[in-house]
1. For region 16-80, restrict the atom set to alpha-carbon positions and state the Rg and Dmax in Å.
2. Exactly which GluC sites (Glu not before Pro) in region 18-86 are in a DSSP loop and have at most 11 other Cβ atoms within 10 Å?
3. Cα to Cα, under 20 Å, and not fewer than 8 places away if on the same chain: which aspartates and glutamates meet these conditions relative to K84?
4. Full extension from V41 to I78: what is 0.36 nm times the residue separation minus their Cα-Cα distance, to one decimal in nm?
5. Check each of the chymotrypsin sites (Phe, Trp or Tyr not before Pro) in region 43-89 and keep only those in coil by DSSP with at most 13 other C-beta atoms within 10 angstrom; list them in order.
6. Keeping to pairs on different chains or 8 or more places apart, tell me how many lysine pairs in region 16-80 have Cα atoms under 26 Å apart.
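What follows draws every value from the coordinates through simple rules; no lab data is involved. Given the structure is predicted, the values throughout are model-derived calculations rather than measurements. Counting neighbours? That spans all protein chains shown, and the Cβs are built from the backbone with ideal geometry, glycine included.
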Amino acid sequence: MGQPTPGAQRAMSTSTREQVSQFKKDNPHWRPGVRVVSLKVSEKGCVSVYGLGRFPVTLYASQWTDLLANKEAILAFIEANRDKVAVKK
């Protein structure tokens, strides 16, 4: 397979254009490069947070409550280990 010439743009197929259009209709708040966090309840009753990374963060409600109750300790730990922790932008 040959490489496209530099600067050449490939035409988007009609089905791809329709899929993009449908995606934009289904996700009115989505903007490229802008993180939108959303919440859902899973089939098992867990709370899932979407939009932080590639996969959702899913915990039971009691686990979320425990985690959020320790917010200050978690933030202090991150600050104390700022030189060791990775930051994703």
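1. 16.0, 49
2. E43
3. E72
4. Here the answer is 10.5 nm.
5. Y60
6. Qualifying lysine pairs in region 16-80: 4.
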